[in-house]
Structures are given as structure tokens and as C-alpha cells.
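Worksheet for the structure shown next.
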Amino acid sequence: MKLSVIGCGYLGAVHASAMAELGHEVVGIDVDPSKVEALQAGRPPFYEPGLPEVLTSAGATGRLRFSTDIAEVADATVHFIAVGTPQSADGYAADLKYVDAAIEALLPYLKEGDLIVGKSTVPVGTARRLADRIAESGTGARLAWNPEFLREGYAVKDTIEPDRLVYGVGDERDVEVLDGVYATAIGAGTPRIVTDYATAELVKVAANAFLATKISFINAMAEIAEVTGADITSLADAIGHDARIGRRFLNAGVGFGGGCLPKDIRAFTARAEELGRGESVAFLKEVDAINLRRRVRVVDLAVDALGGAPYGKKVAVLGVTFKPHSDDVRDSPALDVAVQLKGLGADVVVTDPEGIDNARLRHPQLLYTSATEEALRHADLVVLVTEWPEYVGLDPAHVKSISRASVIIDGRNALDTEAWKAAGWSYVGMGRS
Ligand SMILES: NC(=O)c1ccc[n+]([C@@H]2O[C@H](COP(=O)([O-])OP(=O)(O)OC[C@H]3O[C@@H](n4cnc5c(N)ncnc54)[C@H](O)[C@@H]3O)[C@@H](O)[C@H]2O)c1
């Protein structure tokens, strides 16, 4: 099939490449010329494991190209919308200006029977509004909403082998079109839920709201553990054995971040308020507040570890991305912790395998090094905030030999506590005595 993908960021670049890899002919469109140039040259403009390989192999087939020129979508019959829906500058609602602009830009090139497929995460009601706009344009094109559940770090695999497909359709004919697009996954037995626009939109935000709530639940328990001497890891193991609860997403730590969970739960509360149902998801404000408190908790622990006087002390911050295996620093708890410590006068040195360039763009006032040793050398305190395997696997005796620190703050409860203690460290975890 001939597909276009509008917006080639973390979602769209992977989607375009994976769809070409699966046999479709794909044009990816983005307004950012540098991104398009890199993608067209087979270079991913961001770090995502597996993307270089799929860009190269799909590129070699001649089925994948990228452009800034929206007119290049004219041959395609299915058009994916993968532009950003960030938090508005002036509140919690999602900013839909990129989605609206993408639809308006597409309209002149649409033909009778074309299908626009929304993948961006949008507030419930958006698809209905856009479908009306497309209908009034008289092009004869239709709209479906097909939310995306990929995880950064596993985006290629999640796109090629999704755990479920959700089609929000306004016309039954579009199920067949989408089944054609996802023929490989459908053939492999991937569960497929066909529903209306509102349900499809809500599935996505409900899933993210649930995951955020699960993380903040365990972090709330960590707050109680901290004042009672209980151990959150043992607690999570014990409750996680209950199959109804499950152990995944129950790791207490510095909390969630990234380009999705924080802005999605905020947009959900804003939309629910608009709908007169603010109380139904008011708990998400608490989920958000618990999450943000964990960042402050790490900073407080760091200040305590420095004897209450962070000014001029060297703090090695291990990790800056919102999670390992990504270069994404959007709403990263790690970056937030580094900035707060810097604001308290600490001499913060941040290291990360992939996130430094993005972090530097946002916070040039911090010192960055890609060399872990350099960050650790003569540090007065070591704080692990993103659990990259290279930090989890550090030799505590070696770190002790090159730093001045005696305290390790494990903001992800990811380190081998006993090994660090045995090497002479004071180990400080989250929600652990
Ligand atoms: N990143 C994820 O893991 C993920 C997962 C599921 C859903 N989503 C959702 O997907 C959407 C995109 O997220 P992302 O992380 O890829 O964002 P992103 O910021 O990385 O990418 C968005 C891209 O759209 C481009 N763009 C903006 N306006 C455009 C226009 N008019 N025409 C063409 N291109 C345009 C931007 O230049 C940018 O490259 C969001 O709604 C997000 O919530 C993201």
C-alpha cells in the first residue's frame, strides 16, 4: 500500500520505517528540514535501538523516502498523523495546533476514498471534530483514529509486533483498509479492537493514566515506607505476587517522565474538566503531585548527604534521559534533579550515554560529560537517576577509589545494595530504610 506519515519524530520516523520494512511504500513528511535530511540519508535524528538498521534496510528497498514537501503525499491513499501534542504553554490541556496544521496541509492533496489515520495522542472529541472538518472539505476522504502504544527504547519491535491494535472508525470500510496496513500483525494473531472515535482516543489516555497511577501508587507507599522504616522493594515483591496486582511498573524511584505520561495525564484532567467530569479523574492530579514530589525527595536526600551544604560540592548525576535506551529528556526526572541541585549551588556534572545533546539544548548551564569516570572523579556525591545498564553495573569499589563520595543515592532502586554497602558506601535508596 502507499502510505504517508506526517510528523517524523519518535513515533512517526519509526512508524514510517517499520511500515516500509513490512512492504508498504512510504513517504515521511516533516516540517523540520534537518530531521528530513538525516532520515533521508539513513541517519536517525534521535537514538532508538533498532532504528538505524530498519532505516537502512527499508531505505535500500526504495520503498521509503522522507520530504519536507507535503505535496509528496499525493500518491498515498493512507495518511498517518504522527505530529506532537505537547502540553499547552498556558495550562494542562494538550496543544493541538500541530494536529490541526497537519490536517489543513493534507486537505489539498486528498482524494475520494483516502483514509487519514490519527496516531497522535489527542483529547477525546478531537477525532469527531477533525472528521467533520474533513467531511466539509468535500474531498471524499475519511478519518480513523489508531492510537499508538509503542515504548521508546523498544519502538521498532513494538511497531512491527504490537501487543494490540485499536481502530476507532467512523465507517466500516476503514477496518479493511487498516487490516491491509497491519496485515503482518493481523496475520500473527495480534488482538484487534474495532471501536468508535471516542473509545479509541480514551483507550490511549486511560492506558497511560493507569500506568502513571501504578507508578505513583508505589511511590506513595515509598513515602510511607520512608517514615516507618519499611522496605518498598520487599513490599512491591510481596504485593506483586498477587496476579491481580502484578510486579511490573511497581518499582519505586524518582518517578515517571518523558514526552507522554506527564502531559497525557494533565491533558486528560483538563479535558475531563471541560466535559464537566473533572472529579472523575481528579485523582490524576494527585498522581502527578506524588510523581513530582519524588524529584524533590532525591534533591533533599542529596542535600542531606552533603551535610546540608550543597554549595560548591561536586555531584555526579548518572543518567539524564527519562529512562534508559532513549535519548529523550522531555520532562525527565533526572534532568529536573540535576537542575534543582545546580540551583542550590552544587557543582553538578551530568553524564549519560545518549541524552547529553538534548539535555544541553534545554539546560546549557549544567556541565556534561559522556565519560562516566570524569563525572565520578573527585565527586562529593553520586546520584543515580536513570538506570542505564552501564551505571547499574558500575563497580562500587572502583567508584569509591576515584571519587570523594561516601554516599550513593539510588534514585531508581536499581543497584545491588549489598555490593555497594560491602564496598564501604552509605547506600540511600527510595522508600528503603
Ligand atoms: N514518543 C512516544 O513514545 C509516543 C508513543 C505513543 C504516542 N505518542 C504520541 O505521538 C505524538 C508524537 O509524539 P513524538 O514523541 O513522536 O513527538 P515528536 O515531537 O518527537 O515528533 C513530532 C514531529 O512532528 C513534526 N511536525 C510538527 N508539525 C508538523 C506538520 N504540520 N507537518 C509535518 N510534521 C510536523 C515535528 O517537526 C516533529 O518532528 C504525540 O501525540 C505523542 O503523545 C508518542
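When T77 is tested against the conditions (1) free of Cβ contacts under 8 Å to residues at least 24 places away in the same chain; (2) away from the ligand (no atom under 14 Å from the Cβ), the lone failure is (1). Screening A207 with (1) within 26 Å of T269 (Cβ to Cβ); (2) in a helix (DSSP H, G or I); (3) of a type outside the set (D, E, K, R); (4) in contact with a Ser or Thr (Cβ under 9 Å, 6 or more places away or on another chain) gives one miss only, at (4).
G253 meets each of the listed conditions (1) under 21 Å from the mean Cα position of the chain (by Cα); (2) assigned to a helix (DSSP H, G or I) apart from (2).
Restricting G345, G319, G307 to those that are of a type outside the set (S, T, Y), touching a residue at least 24 places away in the same chain (Cβ under 8 Å) and surrounded by fewer than 24 Cβ atoms within 10 Å (Cβ to Cβ) reduces the list to G345. Consider region 20-37 and keep the residues that are surrounded by 19 or more Cβ atoms within 10 Å (Cβ to Cβ) and under 26 Å from K97 (Cβ atoms). The one that is farthest from the ligand (Cβ to nearest atom) is V26. Scanning region 56-73 for residues that are more than 15 Å from the ligand (Cβ to nearest atom) and not hydroxyl-bearing (S, T, Y) gives A58, G59, A60, G62, R63, L64.
Residues that are within 16 Å of the ligand (Cβ to nearest atom) and either in contact with a strand residue (DSSP E or B) (Cβ under 9 Å, 6 or more places away or on another chain) or assigned to a helix (DSSP H, G or I) (or both) do not occur anywhere in region 174-181. Within region 88-117, the set of residues being touching a helix residue (DSSP H, G or I) at 6+ places or on another chain (Cβ under 6 Å) and near the ligand (Cβ under 10 Å from one of its atoms) comprises A94, I103, A105.
Scanning region 1-15 for residues that are outside any strand (DSSP E or B), touching a residue at least 60 places away in the same chain (Cβ under 8 Å) and more than 6 Å from the ligand (Cβ to nearest atom) gives M1, V14, H15. Only a single item in (1) in contact (Cβ under 8 Å) with a residue 24 or more places away in the chain; (2) within 12 Å of the ligand (Cβ to nearest atom) is not met by R151, and it is number (1).
Within this structure, D95 fails the test of being surrounded by fewer than 18 Cβ atoms within 10 Å (Cβ to Cβ), more than 20 Å from N146 (Cβ to Cβ) and in contact (Cβ under 8 Å) with a residue 12 or more places away in the chain. Selection of region 422-433 for residues being buried (at least 21 other Cβ atoms within 10 Å of the Cβ) and assigned to a strand (DSSP E or B) yields an empty set. Just to be sure, is G170 more than 21 Å from I29 (Cβ to Cβ), in contact with a strand residue (DSSP E or B) (Cβ under 7 Å, 6 or more places away or on another chain) and touching a residue at least 24 places away in the same chain (Cβ under 8 Å)? When the stated conditions are applied, G170 passes them. Quick one: in region 225-234, which of the residues that are assigned to a helix (DSSP H, G or I), touching a residue at least 12 places away in the same chain (Cβ under 8 Å) and among the aliphatic types (A, V, I, L, M) is farthest from L384 (Cα to Cα)? For region 225-234, the residue satisfying everything is A225.
When T139, T159 are checked against the criterion of being among the hydroxyl-bearing types (S, T, Y), out of contact with any strand residue (DSSP E or B) (no Cβ under 9 Å at 6 or more places or on another chain) and outside any loop (DSSP other than H, G, I, E, B), T159 stands alone in meeting it.
Looking for whichever is of a type in the set (F, W, Y) and either in the same structural domain as V281 (by TED's automatic domain parsing) or without any contact (Cβ under 8 Å) to a residue 60 or more places away in the chain (or both) here; the options are F46, F66. Which one fits?
F66
Do the conditions hold for G168, that is, is it farther than 30 Å from R247 by Cβ and surrounded by fewer than 20 Cβ atoms within 10 Å (Cβ to Cβ)? Here the answer is no, as G168 does not meet what is asked. Only one of the numbered conditions (1) without any contact (Cβ under 8 Å) to a residue 40 or more places away in the chain; (2) at negative phi is violated by D264, and that is (1).
Put simply, of D237, D264, D242 the only residue that is assigned to a helix (DSSP H, G or I), away from the ligand (no atom under 16 Å from the Cβ), out of contact with any His (no Cβ under 9 Å at 6 or more places or on another chain) and not assigned by TED's automatic domain parsing to the domain that holds A334 is D237. Screening F46 with (1) assigned to a loop (DSSP other than H, G, I, E, B); (2) away from the ligand (no atom under 15 Å from the Cβ) gives one miss only, at (2). Determine if region 271-291 includes at least one residue that is surrounded by fewer than 16 Cβ atoms within 10 Å (Cβ to Cβ), assigned to a helix (DSSP H, G or I) and either among the hydroxyl-bearing types (S, T, Y) or touching an Asp or Glu at 6+ places or on another chain (Cβ under 6 Å) (or both). Yes; the residues of region 271-291 include at least one that is surrounded by fewer than 16 Cβ atoms within 10 Å (Cβ to Cβ), assigned to a helix (DSSP H, G or I) and either among the hydroxyl-bearing types (S, T, Y) or touching an Asp or Glu at 6+ places or on another chain (Cβ under 6 Å) (or both).
The values are calculated or read from the model by the stated rules, or taken from the named source; none is laboratory data. As the structure is a computational prediction, the values presented were derived from the model and not from experiment. Ideal geometry is used to build each Cβ from the backbone, glycine not excepted, and the neighbour counts take in all protein chains shown.
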